[in-house]
Amino acid sequence: MSYSNRVLPLSEVGEEFNRRYPFLKISFPDFRRPYLKVAGGNQTFLPDDLARQLAARDILEKEIAISDSMTVLQLEAAINDRLGVSIQLFRKSGKNWIETSMTRDWTLQQQNEMGRDLSTGFK
């Protein structure tokens with residue numbers, strides 16, 4: 001499958017985000033557009049799994065410019081601006097996922113660290 005001009009499920013963006021921040025999870029509650037069209041000049045043929053991983057990472061890193069210092073508010077705005085969809089961000093707390101609505105001004109790194117602490121015990 002070619003990476004160029006392929007359709008990428010939004011869920012793959014969420015999965016790639018979760019690989020980077022294992023104690024955070026993106027939910028797309030307004031799923032009217034469940035797919036993104038991924039355009040690019042790369043005509044190299046890649047295995048499907050690798051192509052999806054690269055496409056999702058490219059969206060997060062290049063299109064949205066995700067970083068550890070980005071706040072939840074900034075992430076929500078960037079995804080809405082670039083992808084046209086709303087998200088909800090959840091933080092792991094033990095075996096549960098809790099909304100980050102009360103801590104939207106925390107950075108992704110702070111959120112992920114708190115999720116790790118709540119799930120694995122404070123260090």
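Just a few scattered comments:
- Net length gained if the chain between Lys95 and Asn18 were fully extended (0.36 nm per residue, minus Cα distance): 26.2 nm
- Label-point separation, Ala77 to Glu63 (7 Å along Cα→Cβ), nm: 2.0
Here, each number is a calculation from the coordinates, and none is a lab measurement. All values reported here derive from a predicted model rather than from experimental measurement. Cβ: placed from backbone, ideal geometry, glycine included. Neighbour counts: every protein chain shown.
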